[in-house]
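What follows is one structure encoded as structure tokens, with my remarks underneath.
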Amino acid sequence: MKSLFKTALVLGIIVSLSSCKNDRQPNYQYMPNMYESVAYETNSESNAFNSPTGEKGKEGQLPPVGSIKRGFVPYEIPNTTEGYNFSKTIVKSPLDSTAVDMKKAGELFDIYCAICHGTAGDGKGKLVKQEKFLGVPNYKDRQITVGSIYHVETYGLNSMGSYANQLSQKERWMIAAYVLDLKSKL
């Protein structure tokens, strides 16, 4: 009787395990699109992010209205002549003196600024020597403060464009401190 019971139990287990497997028809898949995705051509347009108004590819890529990037501090001074003049009244950087890495600031200055302003800040960079840009000022002759330098880096001035997309706020403040250091050496 025990051997018959053991045999029936083993047979029951074998039948139940083999009944769950069917190679011709796969089992139920939770989210089948994850397993059998639709193929898209590389760099082709997709309807995945189309908005109800018909704009292609915009809705899913825009941040929510009023959102601010984490760690971003808005710069409240407007891009006007009055804003530039007000920025000249800012004589202290929001960074601590320990947060300003002058070596890193010098490297950033050499990458982004020295091509026009020169490595010494004398207004004789490579592009000025090749006469691609004329009238790049010497820092010695300018009435500049750390705030006005940051303002110009953020918005640009005359033929100099904005560097707000290339440099973070901290990097712009560091370069402003470096420029004042260069000015003191001229």
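The values are calculated or read from the model by the stated rules, or taken from the named source; none is laboratory data. Predicted model only: the values in this text are computed from it and were never measured. Positions of Cβ are backbone-derived with ideal geometry, glycine not excepted, and every protein chain shown enters the neighbour counts. Ligands, DNA and RNA are stripped out before the accessible areas are found, and what is left, the full protein with its side chains, is counted by its heavy atoms. Shrake-Rupley method; radii C 1.70, N 1.55, O 1.52, S 1.80 Å.
Does the stretch 92-136 hold any residues that are open to solvent by 40 Å² or more (accessible area, probe 1.4 Å), in a loop (DSSP other than H, G, I, E, B) and either under 19 Å from SER162 (Cβ atoms) or basic (Lys, Arg) (or both), and which are they?
LYS92, LYS124, LYS132, PHE133, GLY135
Can you pull out every residue in the stretch 142-179 that is free of Cβ contacts under 8 Å to residues at least 24 places away in the same chain and surrounded by 18 or more Cβ atoms within 10 Å (Cβ to Cβ)?
Matches in the stretch 142-179: GLU153, ARG172.
Does LYS185 qualify as being in contact (Cβ under 8 Å) with a residue 24 or more places away in the chain and within 19 Å of the chain's Cα centre (by Cα)?
No, not satisfied.
So if I check each of TYR75, TYR155, TYR163, which one is closer than 19 Å to LYS183 by Cβ and of a type in the set (Ser, Thr, Tyr)?
Within the list TYR75, TYR155, TYR163, the selection yields TYR163.
Can we say PHE86 is outside any loop (DSSP other than H, G, I, E, B), open to solvent by 90 Å² or more (accessible area, probe 1.4 Å) and touching a His at 6+ places or on another chain (Cβ under 9 Å)?
yes
VAL136 versus (1) in contact with a strand residue (DSSP E or B) (Cβ under 9 Å, 6 or more places away or on another chain); (2) under 16 Å from TYR178 (Cβ atoms): which is the lone unmet condition?
It fails just one condition, (2).
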